[in-house]
Amino acid sequence: MNPGPLGCKPSHPSQASELQNRGCHELTTKPLADGVVDGVNLVITRGLLDRFVNWLRREQKTGESTIRQYMYYLPKLEGLVLASKDSVSRAFELMGYNKSSYEAFSRLLTFIDKKLEGYEDLVVKLRKAMPRKPKSREDTYVPPDTKVKKLGECLASKGPVYICIYNILVSSGCRGTEARYVLENPDKLKVVNLGYGAVRLHLPPELQRGSKNEYVVYLPIEVWQQVKHLKGASLPCQDTIEDKFRECGLPLKYLRKWWRQKLKLLKIDSETIEAFQGRAKTIGAKHYTDWIPILDQEYEKILNEIKRFIIKD
């Protein structure tokens, strides 16, 4: 019989509660409840969840807001024996079935598979029993210009790093992770001066989803100067950045939606906007770089309007 994880030995039923109190989980080949087939079973304990959280922080570099979200749901599973399809159904009965609880449970299974010896086959069985991932409700809200400007004014009080991140977002329509990458790695980027007061930045392929091509981001020259001026500055993690945007009244994700609508109002066609925002799958990943000469011309058309929203240091 598999001895189980270090420090936890197979036990008789009378020893199960003692093991759980010590933060261990029990590995057994005996049925633990009616309807549970013979095989490996896993008891979810507080100790197991604590190890999961430590793994998220140390090895996965997961932000605290995401961890808090997971730990809103997972403690509801303490004492649950995972062994069969029915136990997975019971897990979602306890947590509720939504996108957040689904992601929390899936990440827990990943931790079990990677860090606990002897549970690989169990994880495969549990994953097969998981329901389909819930789809997020479509969020159609687009903030007005006044809301975006108010956001910029609020972030200006948070310091130059937040000013610069905001300016990158309103200038390019990129994602928050990409804005942070630009600010953290200015020397790693290929930079092309377009000659009309803007630059084109070439980001690495891994930041463009679903393509091996580089991803390009456009910035007014003054925003690029802000980026270079902050070279070497200590940057907050992505979760902290998103928290600050929410504190100022507008979640970061809505700037991308606002930027898209702004370009539509400026008569930029949808495919060009998709290319600006790096949606390579929509426009055809193989031909993404073919768009660069077009984007160079189109950005000049929108530059003056975009600059109205930039916050100066």
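The values are calculated or read from the model by the stated rules, or taken from the named source; none is laboratory data. Keep in mind it's a predicted model, so treat the numbers as computed, not measured. Ideal geometry is used to build each Cβ from the backbone, glycine not excepted, and the neighbour counts take in all protein chains shown.
Do we find a residue being assigned by TED's automatic domain parsing to the domain that holds ILE273 and closer than 17 Å to LYS253 by Cβ anywhere in the stretch 183-192?
There is no residue in the stretch 183-192 that is assigned by TED's automatic domain parsing to the domain that holds ILE273 and closer than 17 Å to LYS253 by Cβ.
Given the conditions (1) under 20 Å from the mean Cα position of the chain (by Cα); (2) of a type outside the set (Asp, Glu); (3) over 22 Å from GLY278 (Cβ atoms), and given that LYS228 satisfies all but one, which numbered condition is not satisfied?
(1)
Can you name the helices (runs of 4 or more DSSP H) wholly within the stretch 9-128 that have at least 2 residues being modelled with pLDDT of 90 or more?
46-58, 64-73, 85-95, 99-115
Please verify whether CYS174 is touching a residue at least 24 places away in the same chain (Cβ under 8 Å), in the same structural domain as GLU247 (by TED's automatic domain parsing), under 19 Å from ARG200 (Cβ atoms) and in a loop (DSSP other than H, G, I, E, B), treating the condition exactly as stated.
On the way: touching a residue at least 24 places away in the same chain (Cβ under 8 Å): yes; in the same structural domain as GLU247 (by TED's automatic domain parsing): yes; under 19 Å from ARG200 (Cβ atoms): yes; in a loop (DSSP other than H, G, I, E, B): yes.
Yes.
Can you confirm whether ILE294 is at pLDDT below 95, assigned to a helix (DSSP H, G or I) and within 26 Å of LEU155 (Cβ to Cβ)?
Against the criterion (at pLDDT below 95, assigned to a helix (DSSP H, G or I) and within 26 Å of LEU155 (Cβ to Cβ)), ILE294 does not qualify.
For (1) in contact with a helix residue (DSSP H, G or I) (Cβ under 7 Å, 6 or more places away or on another chain); (2) modelled with pLDDT of 95 or more; (3) under 15 Å from ILE306 (Cα atoms), each residue gets a yes or a no:
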{"position": "GLU138", "(1), (2), (3)": "no, no, no"}
{"position": "CYS154", "(1), (2), (3)": "no, yes, no"}
{"position": "PRO160", "(1), (2), (3)": "no, yes, no"}
{"position": "ARG175", "(1), (2), (3)": "yes, no, no"}
{"position": "GLU178", "(1), (2), (3)": "yes, no, no"}
{"position": "LYS190", "(1), (2), (3)": "no, no, no"}
{"position": "GLU214", "(1), (2), (3)": "yes, no, no"}
{"position": "TYR218", "(1), (2), (3)": "yes, yes, yes"}
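Which of (1) more than 26 Å from GLU298 (Cα to Cα); (2) in a helix (DSSP H, G or I); (3) free of Cβ contacts under 8 Å to residues at least 24 places away in the same chain is the odd one out, the single condition THR146 does not satisfy?
Against the list (1) more than 26 Å from GLU298 (Cα to Cα); (2) in a helix (DSSP H, G or I); (3) free of Cβ contacts under 8 Å to residues at least 24 places away in the same chain, THR146 comes up short only on (1).
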